[in-house]
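The values are calculated or read from the model by the stated rules, or taken from the named source; none is laboratory data. The structure presented is a predicted model; accordingly, all values stated were derived computationally and were not measured. So basically every Cβ, Gly included, is an ideal-geometry build from the backbone, and we count neighbours across all protein chains shown.
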Amino acid sequence: MDTRLNKTILIIDEDKSIQHYLRNELSSRGLKVFLASSAQEGVDFCIKNVVDLIILELNLPDKDGMNVIEFLRTFNATISIIVVSKRNNIDDKILALDAGANDYMTKPFNFLELLARIRKEFRYHKEEDEHLLINGPLTIDYGGKCVYLNGTEVHLTNFEYKILLILASNIGKVVSYEELINSVWGNNGQDQNGLRVFMAGIRKKIGKDALSRKLIRTCVGMGYRMDYINLGE
């Protein structure tokens with residue numbers, strides 16, 4: 001595994017031996033690995049952090065793993081989900097894939113096969129990941145899932161990062177409140193007041209000086225726009 005990928009993997013499985021085995025093997029290959037022992041713990045981590053790939057056991061102590069897949073897909077269409085589960089019947093495989101899982105393996109599994117499937121997922125997203133957006137003092141590293149302001153890393157929550165990416169991908173254009181809400185949370189997500197709270201958090205973190213405060217403009221009654229910034233201004 002190429003250590004320059006700087007990818008983050010979350011393992012959601014209550015089996016401690018599986019957790020630690022996978023963490024050791026994947027970490028030795030340059031990946032950042034985090035652990036969750038329940039559905040709620042896994043979902044909470046994904047909400048607060050940027051995750052590239054999830055390894056998910058369907059049999060969890062608090063909720064069925066199918067619910068985790070369905071929930072994650074309501075706000076993140078791109079995260080890769082590989083189910084690695086004790087369940088080996090075809091109906092569960094079909095349900096998981098239909099719910100939004102990218103791949104499905106049964107236990108016991110061969111680690112090298114799992115690693116190959118992880119590589120496949122990362123190759124799939126490689127083209128869209130390997131570039132930077134630089135706008136004045138703001139830099140977004142799509143590959144590293146990092147944001148920098150004047151060269152200093154800015155730590156955003158998962159939702160804040162997604163909002164910033166949407167604005168950056170539409171730079172110079174107004175993104176409506178509805179479009180932002182639906183893209184980040186889905187049809188049953190936040191209202192405009194909730195969106196304003198997240199926007200305030202983003203502005204607090206990136207609006208450190210007069211120039212960076214010009215990055216995001218509120219278009220009253222319409223939505224938000226990221227403006228082009230000229231460092232020569």
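For first residues located in the stretch 175-186 and closer than 23 Å to Lys48 by Cβ, partners that are at pLDDT below 85 and among the hydrophobic types (A, V, I, L, M, F, W, C) and lie 6+ apart or on another chain with Cβ distances below 8 Å form the pairs Val184/Phe75; Trp185/Phe75; Gly186/Phe75. Being surrounded by 17 or more Cβ atoms within 10 Å (Cβ to Cβ), of a type outside the set (Gly, Ala, Ser) and modelled with pLDDT of 90 or more is the filter here, so list the residues in the stretch 78-94 that pass it. If the condition is that a residue be surrounded by 17 or more Cβ atoms within 10 Å (Cβ to Cβ), of a type outside the set (Gly, Ala, Ser) and modelled with pLDDT of 90 or more, then Ile81, Ile82, Val83, Val84, Arg87, Asp92, Lys93 are the ones that fit.
Let's see how each residue does on (1) within 25 Å of Val174 (Cβ to Cβ); (2) at pLDDT 85 or above; (3) in the same structural domain as Leu56 (by TED's automatic domain parsing):
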{"site": "Tyr124", "(1), (2), (3)": "no, no, yes"}
{"site": "Pro137", "(1), (2), (3)": "yes, yes, no"}
{"site": "Tyr142", "(1), (2), (3)": "yes, no, no"}
{"site": "Glu153", "(1), (2), (3)": "no, yes, no"}
{"site": "Leu156", "(1), (2), (3)": "yes, yes, no"}
{"site": "Ile163", "(1), (2), (3)": "yes, yes, no"}
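No other residue among Gly30, Gly100 is surrounded by fewer than 20 Cβ atoms within 10 Å (Cβ to Cβ), within 22 Å of Lys162 (Cβ to Cβ) and either of a type in the set (Lys, Arg) or touching a helix residue (DSSP H, G or I) at 6+ places or on another chain (Cβ under 6 Å) (or both) apart from Gly100.
Take the conditions (1) within 20 Å of the chain's Cα centre (by Cα); (2) free of Cβ contacts under 8 Å to residues at least 60 places away in the same chain; (3) in a helix (DSSP H, G or I); Tyr148 misses just one of them, which is (3).
Restricting attention to the stretch 172-215, the residues that are more than 16 Å from Gly136 (Cα to Cα), touching a helix residue (DSSP H, G or I) at 6+ places or on another chain (Cβ under 9 Å) and hydrophobic (A, V, I, L, M, F, W, C) total 9.
Return yes when Leu132 is surrounded by fewer than 17 Cβ atoms within 10 Å (Cβ to Cβ) and within 30 Å of Gly207 (Cβ to Cβ) and no when it is not.
yes
The set of residues from the stretch 67-77 being modelled with pLDDT of 90 or more and crowded, with 20+ Cβ neighbours inside 10 Å comprises Val68, Ile69. Taking each residue of the stretch 64-84 that is among the acidic types (Asp, Glu) and looking for partners that are surrounded by fewer than 22 Cβ atoms within 10 Å (Cβ to Cβ) with beta-carbon atoms closer than 8 Å, six or more apart or interchain, yields Glu70/Ala99; Glu70/Gly100.
The condition of being more than 14 Å from Asn76 (Cα to Cα), touching a residue at least 40 places away in the same chain (Cβ under 8 Å) and hydroxyl-bearing (Ser, Thr, Tyr) holds for only one of Ser212, Ser169, that being Ser212.
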